[in-house]
Every structure is written in C-alpha cells, then in structure tokens.
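Below is one structure, written out as structure tokens, with a few remarks after it.
Laboratory data are not the source of any read-out in this text; all were calculated from the coordinates shown. Quick caveat, the model's predicted, so the values are computed rather than measured.
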Amino acid sequence: MNTLATPDDRASLLDHDRRFFDALVAGDAARLSELLADDFILVSVNDGAAVPGSVLLDAVSSGAVRFPAVQSFPDEAVVRRIGDVGIVVGRTGMNFTNPDGSTFTGGSRYTHVFVAGSGAGWRLVSAQGTEIRTGA
C-alpha cells in the first residue's frame, strides 16, 4: 500500500502544519483552538510531558508559554495519508519560553497526526517533538 500523500493532500497538510506554527508564534489561542481536535495531545520536545490541548491553549492564551520563532522546513517533510489520517514528519528550528522562564532553543524532528474533519478541513490530534542534538 502506498501511503505517500497526493500533491493536493501534501499541500493541504503542510498548510495546516504552517498554520499551527504561525498560531504558536502569534500566541493566538483562538486560532489554535480551530486547528486542534478536542482531544489533542502534545508530547513536549523539551521534557517528554504529555500535555492536553486545553493546557496548551491556556498556556498560550495567558502568555505563560511563548514561541518567539518557529522555522519549519516543508520541503524536507514526509507527508502520508492513510484514509482520513494525515501524518507529517518534519523538522523545525525553534525557540520558546516555558512558564518557569526557562528557554529552549534548538532543532527538533516532529510528527504531527491530523484527522480529516467534516467541513473544517484537517484537525491536529497529536504532536510529538524530539530534540535534534548535534555532536551527541
């Protein structure tokens, strides 16, 4: 079975991926809420914590977590579609500030899992990032 996305699906999924990153950088919790499934789970790149979408939305809307910059590399992404599920494996360069004031700057490899929504396009159901360590 070939699971690589068609060019149209690839473009659509990468657009949703970009909109997710743009909303993080803008600190736009309302836009994030539109992009995330109700049961969204984030596995944090810096500590591996499983964070429900409601916690992410609260942290972004309060400014407790800030993403000054996220650079993605869509040309490198592997995009697959299996039925109503879209999967994007990509790479980012990012920095963010945690609620305790600690910062993270570095590269990550991520997996975003989307599900096709009825009329609303793709909704992000799961995101996991893994830090890319150089020289390790």
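Taking the longest Cα principal axis of the chain as reference, the axis of helix 53-62 is set at about 50 degrees. Among the listed values [x] 0.92; [y] 1.01; [z] 0.96, the one matching Rg/Rh (Cα atoms, Kirkwood Rh) as calculated from this structure is [z].
Stretching the chain fully between THR130 and VAL51 yields a gain of 27.0 nm (0.36 nm per residue, less the alpha carbon separation). Take the alpha carbon atoms of the stretch 1-66, find their center, do the same for the stretch 82-136, and report the distance between the two centers in whole angstrom. Result: 7 Å between the Cα centres. When the helices of the chain are scored as -39500 (n - 2.57) per DSSP H run of n ≥ 4 and the total is divided over every residue, the value at 222 nm lands at -8500 deg cm²/dmol.
Take every DSSP beta bridge whose two residues both sit in the chain; close to 90 percent of them are antiparallel.
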